[in-house]
Amino acid sequence: MHRVLQIPEILLNVFGHCPLPRGPSPASDLPAVARTCHAFKEPALDVLWETLVDPSPLARCLPDTSHRSQIPFIRNSKRIFPPCPIKRYYSFSRSLTQIEWGILRSYTRRIRFMRDDWYSLDWESVRTFLNSPVTEPLFPNLRYLVASGLTEIKIKHFLSMPFPSLISLEVRSIAKERLCALRGSLESFSNKFFSSCICRWRDLHEVDCADISLDVDAFAHLSRMPALTQLEFRLSDTLLPFDSPLFFPNLHHLTLYSEFLDPISRLLSRTRLPAITDFAATIQTCPSKQRFSSFLASVQTSAISHTIQKLYFCQRLGVLDDSRPGEDPRVLGFEDLQSFMTFSNLRGIDLNIAWPVDFTDSELLALALAWPHLEYLLINTDWGWRTLGGITPNGLLQLLQTCRSLSRIALAIDTRGYTEFRESPASLGLSLPRTLSINVIDSRLEEQSVPAISAFFAGIAPCPDFAFSAQALGPSVFFGGLGDTHRHWYDAYKRAKDALSRRS
């Protein structure tokens with residue numbers, strides 16, 4: 001054998017290009033390679049067992065006397081049928097011996113990524129795995145763990161296992177049981193237990209627990225992890241206050257969920273995030289003007305203005321918060337986004353809030369001048385602008401000429417009185433991305449403006465396949481029978497595509 005083939009790093013690279021087995025009848029070269037010679041065995045098995053999404057292969061590595069298999073059947077009103085004739089369901093028929101645990105560990109020590117799709121084992125067999133009697137960790141080298149779809153009790157057993165090498169944790173969709181009458185106690189149970197689990201690990205890089213709230217101890221513990229780069233969790237009032245501001249030196253991606261905006265504002269005002277590039281906040285209720293202003297001030301306090309590149313803010317429900325009577329009417333305008341103009345490295349902004357929007361061409365251009373490298377600008381894609389006006393076609397043209405990297409736009413366009421497009425495509429001097437996507441949201445369009453608007457889009461679009469939509473507060477324009485406005489936009493889009501096709 002050539003000496004090169006005795007270098008493990010080279011073998012791992014070569015074997016990494018082999019297809020992995022899928023299903024109970026795998027078509028893969030890796031098992032055969034592992035049996036070829038002693039030099040190939042360890043690297044081939046490392047690649048073969050690097051990812052585990054189905055635990056049944058572990059059961060099949062043990063003697064036949066230790067487990068039994070069957071095809072699960074589902075009964076309906078007429079017949080009994082297997083949902084998947086090939087998929088088998090495994091369960092242990094007895095307790096495992098120390099030798100069998102040793103066999104299991106010879107494979108589980110190779111696993112680096114694991115997802116909790118443990119449906120091919122019955123729950124008692126899963127508990128056998130999760131309550132291993134061996135003194136050493138069953139998964140000593142596991143680095144990436146995805147737990148989704150588990151119930152409260154199962155997630156407790158699953159996360160109780162020791163994972164000494166874990167660096168990435170994702171826990172989602174454990175909320176089915178929250179629909180029952182004990183919703184509050186179950187949430188308290190999962191939040192408290194998960195926070196205690198977080199405090200067991202010392203070197204996490206990524207934490208994604210969108211359905212779970214962290215307590216103060218867990219959040220402070222995460223701030224002491226220098227390698228933490230991504231954090232996503234749900235906020236509750238129990239997280240605050242802190243004794244002193246917490247510092248996250250290398251956190252790049254932060255995603256927060258909350259029912260109200262105030263907890264997010266308080267958190268940002270008490271943390272320092274000097275390395276943040278992506279920030280996302282999702283709330284349930286519509287904030288007042290005062291609370292939104294407090295949020296903008298807290299964003300400035302958290303020291304993210306010089307590093308942030310992508311900003312996402314979304315309101316999910318149309319429920320109003322407990323704002324005081326007589327407050328300023330909720331309208332999203334230039335003064336609300338003016339503080340974002342200090343974000344000199346901003347590449348994308350996506351705002352969705354249940355307020356009407358009011359921008360002029362000059363205000364939008366002022367924002368564009370502050371963000372010359374902007375790649376997408378999406379304002380109220382879901383809620384709409386709810387105004388007769390919007391940005392004029394000339395204002396949109398100035399925006400595209402200022403931000404040459406823009407590839408996704410969601411703005412309402414004011415087409416009133418727009419009946420003639422005088423520019424030629426050559427005179428525009430635009431070189432926009434071929435992936436250009438334009439969403440005019442809930443813009444109005446009269447029939448007499450259709451020819452001019454179609455000529456406008458034909459003049460700015462980079463190719464006939466540019467994406468266009470007008471779908472806020474209703475279905476897409478591509479589904480017919482949605483009123484005159486949508487039909488007019490669809491007609492303008494088709495005319496623009498035809499003109500572009502003829503020109504190309």
For residue 259, solvent-accessible area (1.4 Å; no DNA, RNA or ligand), Å²: 100
Multiply the residue gap between residue 4 and residue 29 by 0.36 nm, knock off their C-alpha separation, and tell me the result in nm, one decimal place. 7.0 nm
Order 205-214, 221-230 from most to least packed using the mean count of other Cβ atoms within 10 Å. 205-214, 221-230
Carbon/sulfur accessible area of the range 292-413, % of total, 1.4 Å probe, equals 53
Quick one: what are the phi-derived ³J(HN,Hα) couplings along the range 404-416, Karplus 6.51/-1.76/1.60 with θ = phi - 60°, whole Hz, x for glycine and proline? 6, 8, 4, 10, 9, 9, 9, 9, 7, 10, 8, 9, 5
Go through 373-386, 121-134 and give me the packing order, highest mean Cβ count within 10 Å leading. 373-386, 121-134
What spacing in nm lies between the two simple spin-label points modelled at residue 344 and residue 317, each 7 Å away from Cα in the Cβ direction? 4.2
At 1.4 Å probe size, what's the solvent-accessible area of residue 489? Round to the nearest 10 Å². 0
For the range 374-420: rounded, prolate or oblate by the Cα gyration tensor [a/c cutoff 1.5]: oblate
For the range 272-390, what does the alpha-carbon gyration tensor say about shape, rounded, prolate or oblate, given a ≥ b ≥ c as the root eigenvalues, a/c under 1.5 as rounded, and a/b over b/c as prolate? oblate
Would you kindly derive the ³J(HN,Hα) couplings of the range 457-464 from the backbone phi angles with the Karplus curve 6.51 cos²θ - 1.76 cosθ + 1.60 (θ = phi - 60°), listing them in order in whole Hz, with x for Gly and Pro? 5, 5, x, 9, 5, x, 7, x
Which whole-Hz ³J(HN,Hα) couplings does the range 343-358 yield from phi under the Karplus relation 6.51 cos²θ - 1.76 cosθ + 1.60, θ = phi - 60°, glycine and proline marked x? 7, 5, 9, 5, 9, x, 9, 9, 10, 9, 9, 7, 10, x, 10, 9
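The values are calculated or read from the model by the stated rules, or taken from the named source; none is laboratory data. Predicted model only: the values in this text are computed from it and were never measured. Virtual Cβ from ideal backbone geometry, glycine too; neighbours counted across all protein chains shown. Heavy atoms of the whole protein, side chains included, go into the accessibility calculation; ligands, DNA and RNA do not. Shrake-Rupley method; radii C 1.70, N 1.55, O 1.52, S 1.80 Å.
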